[in-house]
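The structure under discussion appears below in the form of structure tokens.
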Amino acid sequence: MDIFSIFTLCGGLAFFLYGMIVMSAGLEKISGGKLEKLLAQLTSNPFKGFLLGVGMTIAVQSSSAVSVMLVGFVNSGIMKLAQTIAITLGSNIGTTATSWILSLSGIQSTNFFLRLLKPESFSPILALIGVILLMTTKNNYSRRKPVGSFFIGFAVLMFGMGLMSSSMAPLAHDPNFSNVLTLFHNPILGLTVGLIVTAIIQSSAASVGMLQALSMTGSLSYSVAAPIIAGQNIGTCITAMLSSIGVNTNAKKVAAMHIIFNITGALAFLVLYEVCIHFVNKLDMMANPFGIAIVHTVYNVVTVLVCFPLSKLLLNFVNKIIKDKDEENEVIIDERLLLTPSIAVAQCYKTTGTMAKITRETLVMSVRMLKQYNPKVAEVINKNEVLIDKYQDTLEAFLQKLSSKELSEEDSNKISQLILSISDFEKIADHAIHITNIADKMHRKEWVLFPETVEELKRVVNAVKEVFDVTVKSFVEHNMTLAYHVEPLEQVVDDIAYVAKKNHIKRVKKEKSHIKRGFVYVEVLNDLERISDHCSNIATNTIQSMHSSIPKHILKNKLKEVNNDEFSHSIAEFRSQYAVEPISK
């Protein structure tokens, strides 16, 4: 093996890694919202979490990427540490998919159909199809484009695999290389080499691919390959370790759990290896790509079988070695989620849902202050307003970065509408602050509202709260039916607020109250109307995130039309429940 073979090996590795990146990006786009739906279905059920880990890893073609995402989820408070255990173990199984695909390159047969299964036979055709799809697709958001990227990525990956194999072919007849391989009969040395190589390239799939390419020389035995595979699976933890720098304690525990799982699995596997080395002579046989895939799968299955029953014990161990800190800054959304745009978009919706919950609490506290002012509550309201502003700034900055990624048309449209909705939620909080300021002014000047006015205000407030709740539910759940209900409900709020204003003006004239005292109530009603207007905007944004082809002004007019009898009845009930009766002169 000369210097040019080494150049070819390095080039093959580069093509392999780049192909994997392109292929995983294309596959993630093809999956579209499926990843986020899988994540949304996550429960405390470990089996579902395990399947989610398998699915996510197959989709992104990297257990390292999944572990980095889990660090981000826990750091953002999206997941709890215990929920990540099953996903981590599932990702170990999911990562074997790559080695099985690569094992097809080892097929040796003159049969036409078997030869057709070899990636080197069909990957050029896939590359051609991929290029045609990219060249003939003018729409950047078309589904054909990620399919083309996936095909090209796969072809580049297999081309890199072929280069690595051809560069290593001379080693089959090199006696010096055979002497070097005898050193790796020491399992500790093999494990160390596998760990170091994988840590450097930060991809266990790539290092397993290199091992499969080496096995094609016919010089690598299973007894040598098995410890190297164990080391590769430990080495892949380096990515999670690096991603845990600067995160909260629980996120660091995710990286630690990943390392402990793989070390525990490696130890159990090496025990099994030592037993087999004495009783199974076939371990001295020369390995091939298919056999490497089997060993890789066996290793990960052993890891799961050993670690699943010990998961609570291992979790307690991690909690002891990594102590919780009393004071840690809240992370609204972690930038590690940018690795998977579709999941990042889903988490932005959930985080905005948390922002909406804080906004609702702020609104409820502010209107209560009109009845009984409390300085301590006012302080809480002002703190909430600062927190809501922080949510807005953080989410908008994150979404700006996310919009620069390769996105599907659906995700790109969702981001645009999400930014608008975040602004509306923040403006609702601003109106709540304005109501609080009015309550403060009334308290200082000892102004008291008419008893009839208080009763009418209660009806308007309750109507607005219901509209707000319907809006938030439709937003978080992407429920189009509820979103279509918001605009007609908002129209009802406008109607009852209008009647309340007219009634109040009549009372002010009749009682000859100070005109400024009358203005504050009208200001509160204006704020409540504006809040329902922002709810209408959010609902419209939710609908447009799914149906971007409908212009906003046309959609607004369409939403005001009530053609469904059942829906008309529900609107009538809403109007009756919160109706404000006009008073006579």
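Summary table
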| read-out | value |
| --- | --- |
| The one condition in (1) within 30 Å of Ala287 (Cα to Cα); (2) among the hydroxyl-bearing types (Ser, Thr, Tyr); (3) modelled with pLDDT of 75 or more that Ser64 fails to fulfil | (3) |
| Qualifying residue in region 409-432 (condition: assigned to a helix (DSSP H, G or I) and over 32 Å from the mean Cα position of the chain (by Cα)) | no |
| Residues that are touching a His at 6+ places or on another chain (Cβ under 9 Å) and under 20 Å from Ser532 (Cα atoms), drawn from region 427-451 | Lys427, Ile428, His431 |
| Residue match in region 258-279 (condition: touching a strand residue (DSSP E or B) at 6+ places or on another chain (Cβ under 8 Å), modelled with pLDDT under 80, among the charged types (D, E, K, R) and assigned to a helix (DSSP H, G or I)) | no |
| Failed item in (1) open to solvent by less than 50 Å² (accessible area, probe 1.4 Å); (2) modelled with pLDDT of 80 or more, with Phe567 passing the rest | (2) |
| Answer from Lys37, Lys29, Lys48 - the residue that is modelled with pLDDT of 75 or more, assigned to a helix (DSSP H, G or I) and of a type in the set (D, E, K, R) | Lys48 |
| Members of region 452-473 found to be more than 25 Å from Phe519 (Cα to Cα), in contact with a His (Cβ under 8 Å, 6 or more places away or on another chain) and open to solvent by less than 20 Å² (accessible area, probe 1.4 Å), listed by number | none |
| Selection from region 339-384 of residues that are of a type in the set (A, V, I, L, M) and either open to solvent by 50 Å² or more (accessible area, probe 1.4 Å) or not in a helix (DSSP H, G or I) (or both) | Leu339, Val380 |
| Given (1) touching an Asp or Glu at 6+ places or on another chain (Cβ under 8 Å); (2) not in a helix (DSSP H, G or I); (3) not β-branched (Val, Ile, Thr), number of the condition Ser219 does not satisfy | (1) |
| Leading residue by the ranking (modelled with the highest pLDDT) among those in region 192-220 that are of a type outside the set (A, V, I, L, M) and open to solvent by 10 Å² or more (accessible area, probe 1.4 Å) | Thr192 |
| Scope region 435-451; condition crowded, with 16+ Cβ neighbours inside 10 Å and either in a loop (DSSP other than H, G, I, E, B) or in contact with a helix residue (DSSP H, G or I) (Cβ under 7 Å, 6 or more places away or on another chain) (or both); matching residues | Ile435, Thr436, Ile438, Ala439, Met442, Trp447, Leu449, Phe450 |
| Flag for Val476 being free of Cβ contacts under 8 Å to residues at least 12 places away in the same chain and either open to solvent by 30 Å² or more (accessible area, probe 1.4 Å) or under 28 Å from Gly26 (Cα atoms) (or both) | no |
| Residue check for Ala497: farther than 27 Å from Met369 by Cβ, modelled with pLDDT of 85 or more and open to solvent by less than 30 Å² (accessible area, probe 1.4 Å) | no |
| Qualifying positions in region 390-421 - touching a residue at least 12 places away in the same chain (Cβ under 8 Å) and farther than 21 Å from His534 by Cα | Phe398, Lys401, Leu402, Ser403, Lys405, Glu406, Leu407, Ser408, Glu409, Glu410, Asp411, Ser412 |
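Conditions (1) modelled with pLDDT of 75 or more; (2) in contact with a Gly (Cβ under 9 Å, 6 or more places away or on another chain); (3) of a type in the set (A, V, I, L, M, F, W, C), marked per residue:
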position: Arg144; (1), (2), (3): yes, no, no
position: Ser149; (1), (2), (3): yes, yes, no
position: Ile152; (1), (2), (3): yes, yes, yes
position: Phe159; (1), (2), (3): yes, yes, yes
position: Ser165; (1), (2), (3): no, yes, no
position: Asp174; (1), (2), (3): no, no, no
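The values are calculated or read from the model by the stated rules, or taken from the named source; none is laboratory data. Only a predicted model underlies this, so the values are computations on that prediction, with no experimental measurement involved. In this analysis, Cβ positions are derived from the backbone assuming ideal geometry, glycine residues included, and neighbour counts consider all displayed protein chains. Side chains are part of the model used for accessible areas, which takes the heavy atoms of the whole protein and leaves out ligands, DNA and RNA. Shrake-Rupley method; radii C 1.70, N 1.55, O 1.52, S 1.80 Å.
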